[in-house]
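Each reported figure results from applying straightforward, stated rules to the coordinates on display, with no laboratory input. As the structure is a prediction and not an experimental result, all values here were calculated from the model. As a convention, Cβ positions derive from the backbone with ideal geometry for all residues, glycine included, and neighbour counts pool all protein chains shown.
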Amino acid sequence: MTDEHVTTHQAEDDARNADILIWVNGALKPREQALVSVYDSGFMLGDGVWEGVRLYDGKWAFLDDHMDRLFEAAKAIDLDIRLTREQVINALLETQAANGMQTDAHARLMVTRGVKARPFQHPSLSRSGPTMVIIMEHSRPKIPRPIRLATVPHMRGLPMTQDPKLNSHSKLNCILACIAAEKAGADEALMLDVHGFVNTTNACNFFIVKKGAVWTSTGDYCMNGITRQKVIDLCRANGIAVFERNFSLVDTYSADEAFLTGTFGAQTPVSEIDGRQIGTGQMGPVTERLRALYKELVARS
C-alpha cells in the first residue's frame, strides 16, 4: 500500500475522550471504571443488540428511527430491555449532559442479555436482567481519502442462520471479512449475498452510480441501514433515479461512482474495488449532491 490504511470509522484524535463518563446500568462511570462482568452474555457469547447514533448541533439525528430499530431487534432475539423507549432516550440525554456534548459526538448504545449464572449459552442462565451501556465520545469523522474495497469470500447470509438485518453483538463474520480485505491491501470488505450479487461492506451499506442513477442491493441480505434508507428517500424526493436491485461485480467495476453509507460517516466515497479504479477515483457529483442533501435533512430533522 502506498499510503496509510483508512477505515470508515476513522475520527480525529480528541483528548477529551480520556475523561468521558460512560452509562452502565444507570450509573455514570469514568472510562477506566466502566466495566462489565466476564459472565456477561455480550462478552461471553455476543448475545445482544446495539445502536450507533450521532449528535449534530444539539440533536441526535433520526433518533426515533434508531429507537425503533433497537426495540425491534431486542424483540427479535427475545431480549427484554426492561426500560421504556423514553427511559432509554433519557439515559442517552443524561450521558450527553454529563459529558457536556453539543455536537460532533457519537454514542453506542449496547444491550446484552446480562450476567449469566454459569458460562454456557442457554438464555435461562441470564437471570440478573439485561446489561445496558452507553459509550459516548467526541467524534469528528476524518477520512482523508476515498475508501478502497476488496471483494471477500465471506457472505451476508440467509435469515435462518443469522439474519443480517440484526445489529447484533455477534460481528465475527464481518470482522473476518474486514481482516481478509486488509490482507488484500484494501480498507474494507465488499461482501456478496448468497446468490453472488453485490450486497454490502463489512461495516456499511453500499451504493453505486451509473449514468446518473443510484443503485443499491435489494436489501434482503444487508443491515437495514437508517442512513441507507435516508439516501434512498432523498433520491426519490429530489428526482434522482434510484434502484434497489440485484447487480453483479461486472456492473460494479464499470460504475461512475461508488459510496458507502452509515451513521458515522454519512456518505463515504469509494475510489477502488479489487484494484479497479471507480470513475475518477474521487468523490463524484451524485455522491457530493447526496452529501449536501443529507446534511440539509439532518439540519431540519
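In terms of surrounding Cβ atoms within a 10 Å radius of their Cβ, 216, 151 rank from fewest to most as 151, 216.
Summary of the geometry: the range 17-35 and the range 202-263, compared by the centres of their Cα atoms, lie 37 Å apart.
Which entry in [x] 27.3; [y] 19.5; [z] 15.6 matches mean projected area of the Cα convex hull in nm² derived from the coordinates of this structure? Among [x] 27.3; [y] 19.5; [z] 15.6, the one derived from this structure is [z]. Counting only GluC sites (Glu not before Pro) that DSSP places in a loop and that have at most 15 other Cβ atoms within 10 Å, the longest clean stretch of the chain runs over 13-301. Under the rule a/c < 1.5 gives rounded, and otherwise a/b versus b/c splits prolate from oblate, where does the range 242-290 land using the Cα gyration tensor? Oblate, because a/c is 1.5 or more while a/b does not exceed b/c. The angle between the Cα long axis of helix 63-76 and the longest principal axis of the Cα atoms of the chain comes to about 70 degrees, rounded to the nearest 10. Sites listed here are trypsin sites (Lys or Arg not before Pro) in the range 44-136 whose DSSP assignment is loop and whose Cβ has at most 12 other Cβ atoms within 10 Å: 82, 127.
Expressed in nm to one decimal, what extension gain is obtained for the pair residue 274 and residue 176 from 0.36 nm per residue of sequence separation less their Cα-Cα distance?
Computed gain between residue 274 and residue 176 is 33.5 nm.
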